[in-house]
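A quick write-up on the structure given underneath.
The values are calculated or read from the model by the stated rules, or taken from the named source; none is laboratory data. None of these values were measured; they are calculated from a predicted model. Cβ placement follows ideal geometry from the backbone for every residue including glycine, while neighbour counts extend to all protein chains displayed.
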């Protein structure tokens, strides 16, 4: 069959009519192959969400075009480079299918799509996949995709064999590259992404994950190239932002009030006893110790920007005071730098690997010059892998002691735990503690029991740490908070079985999805120095304003950034990047005029302060 004139490698010897038919066949089939490859990517775009989403992509023609056109253009670009249809299809297919598969698995396991920023953390993803024991067994959809790639390659190898001469290949490459320019501009255009490709009928518009997958995969992935970068806010004028910040005078911490600050970001730590009407679980036993800690602290709700992952978002929002996070590649203003200026010893610890989220470099950029990880401290302290809280918390106190008994400077310690990291074993309860009464499925029961066992143990270790600080003569304030809600089964299966409302278009669902808790605890020496008690129920705040709350409770003015954002925080105490706010003591999706003005001012200050490092170090 390959000797038939239509399937030859070249058009040599063919009549004019046959030559036209020959190239129409080769070009047309290759075009169809690109369309099918783009369509295949859509098959994996929605993970375990309803199959009806696949249909919705084609009900919105612009979504279909913006997912398929990049694949078609890439296929012809590669064809111009390699000159063989089958090789061009195989190369393009491997790239498109590989990324689509990564997105598919990420949606299934974390309810989180694959974005460009994730490529910067490919090592973390690989390490988590290995240590988390995810089930990567191919399902029918994956086998179907592999079969399509294989059959498509074989079909082109034997029946679409047209090889272009270089004098044609070069213009083809140039044409495909030139066409990529307007396509790229459309794919990265925010107005097109937010308004012209809305596909809300089958998803919750307030879920960033669902908004992403409602647009397919290739298109939102390309759009994510512009995410994580510093964007100029609407109406921003550098001179005005500079003048506004300069209108505040930096204030230091009074010498007599330089209390030691210990921050504890608790991995996936949340108070599930706040969920309403969930029977069959002994919440009180699980949270007894933690509730006792809150009773002697100033505590409240923390609204984050993330769910079941993305630890570093909360971490860096707290440390910088920025709601929006980007790629930190140089020194950036933060509270770490401020505490250094005030004569504090600034350090921290995280028992996992230093390359996770590039903390080894970024923590230094954010003013924490000394940081302890698995590599430089914890691998000698714990032989079971990444250290648990019964190792981490005593080490946090030991580091505090080293500073206390050494130079004796005031101390700022920024710590991130790992113990609560999911996924949680679905087959056995490894701590041996049961909090459920047997009414739920085995998988959900094991997830819940393992999670509650972990956070109960964290609370016990936290109790021991606070008791040690309580006995200190030096004034110490401890700020603890959960970074996000935990993973609870692939596709949130345990949340669903428990009946937890995750509808983020409702206030209850929004808090259930994005809310955790914070507490501010002080020993007697700190309360005496600062002149008041650290107890009571605090306001709902977002991650970016948690340090504002700390400074306010300590009675510190702070630098110009803290003062400026305190005025904004008093107007809008919770600003998230997922469409929810708190104003006037209530949750809202739409701010009033004063709140909107405060938000716009915050965005402009955030951009200026985040892009103008004010120290030479």
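For this structure, a couple of remarks:
- Condition check for residue 550 on (1) in contact (Cβ under 8 Å) with a residue 40 or more places away in the chain; (2) in contact with a helix residue (DSSP H, G or I) (Cβ under 8 Å, 6 or more places away or on another chain); (3) closer than 25 Å to residue 340 by Cβ: one failure, at (2).
- Odd one out for residue 412, checked against (1) under 30 Å from residue 446 (Cβ atoms); (2) crowded, with 19+ Cβ neighbours inside 10 Å: (1)
- Qualifying helices (runs of 4 or more DSSP H) (wholly inside region 466-543; at least 1 residues being more than 18 Å from residue 204 (Cβ to Cβ)): 493-498, 524-530
- Note on region 168-213: residues that are under 24 Å from residue 513 (Cβ atoms), part of a helix (DSSP H, G or I) and in contact (Cβ under 8 Å) with a residue 40 or more places away in the chain total 5.
- Unique residue being in the same structural domain as residue 57 (by TED's automatic domain parsing), in a loop (DSSP other than H, G, I, E, B) and more than 18 Å from the chain's Cα centre (by Cα) when the list is 216, 252: 216
- Selection status of residue 109, in contact with a helix residue (DSSP H, G or I) (Cβ under 8 Å, 6 or more places away or on another chain), assigned to a helix (DSSP H, G or I) and modelled with pLDDT under 90: yes
- In a residue-by-residue description of region 246-260, the property of being in contact with a strand residue (DSSP E or B) (Cβ under 7 Å, 6 or more places away or on another chain) and either surrounded by 15 or more Cβ atoms within 10 Å (Cβ to Cβ) or more than 30 Å from residue 297 (Cα to Cα) (or both) applies to at least one position.
- Inspection of region 124-143 identifies no residue that is in a helix (DSSP H, G or I), at pLDDT 75 or above and under 18 Å from the mean Cα position of the chain (by Cα).
- Checking each residue in region 37-67 for being touching a residue at least 40 places away in the same chain (Cβ under 8 Å), surrounded by 17 or more Cβ atoms within 10 Å (Cβ to Cβ), assigned to a helix (DSSP H, G or I) and within 28 Å of the chain's Cα centre (by Cα) picks out 38, 40, 41, 42, 43, 53, 56, 57, 63, 64, 66, 67.
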